Amino acid sequence: MARNAEKAMTTLARWRAAQLGEIDKHKKRRPYLASECKSLHACEKWRMQIIREIAKKVAQIQNAGLGEFRIRDLNDEINKLLREKRHWEDQIKELGGPDYQRVGPRMLDHEGKEVPGNRGYKYFGAAKELPGVRELFEQEPPPPPRKSRAELMKDIDADYYGYMDDDDGILIPLEVKAEKEALQKSVAEWVKKKEQNPECTEVQVEENIYAVEGSDEEDDLPVIDGSQQRFVAHVPVPSQHDIEQALLRRRKQELMEKYGVQEDPVS
């Protein structure tokens, strides 16, 4: 009989203790602002509570069958808890505790890679496969590798400098066509100019480089007055033909001396 009474008292005691625990739990709700908590031990406790809530929600968001709206809500709640956790870590650091943002565990993705940065909105689990989010995680194709100087020099040939432009058979017909058009245009302009000025005749006189200045040309010199003295060259001036013959004889003499050939006195 006493044993049953002890059991009843023990059960009652446990129920009472649990009830008191629930009351204490409601009384000690997590502060809305981390800066209101001035106890380092309490800040550590609230931080661990937030971490457990994050782990629970991350496990829930792995289920892709929850639906798009529920997955988005869970992802928003996780990001909100992450921001709150950073506030508590800042308060812990201000109260003289450890800097968890530097020495704390790193956040890894599903491939085991570290998530870059601690700021910004993040996606977890099935949220990465939502419409409009999948494109954010697609990696851009790597840029093509740059060629070295030696590889670039292999592509430099005669075609690179334009020596083989006429081999394709395209440029020459275009040049012939452009030349004909330019010639026709020039002839048309000349005819038009001649029709406008019929009195003007253009005569092209080719200069004779072999012409020798004679006495007749000297008489054509202008005379200002009768007392002006004329200068006449008494030494014969060689013509262009004489200079060419002299250069030819000199070149012939050099070749004969080079090869040891004697000139025939008869010639």
Could you sort out which of K28/K128; K93/K128; K93/K122; K122/K147 sit more than 31 Å apart by Cα distance in this structure?
K28/K128; K93/K128; K122/K147
Order 122-131, 91-100 from most to least packed using the mean count of other Cβ atoms within 10 Å.
122-131, 91-100
Go ahead and run the numbers for FRET between K28 and A59, Cβ-Cβ distance against an R0 of 22 Å, rounding to 0.05.
0.30
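Readers should treat all values here as calculations from the given coordinates under stated rules, not as data from a laboratory. Given the structure is predicted, the values throughout are model-derived calculations rather than measurements. We place every Cβ from the backbone using ideal geometry, glycine too, and count neighbours over all the protein chains shown.
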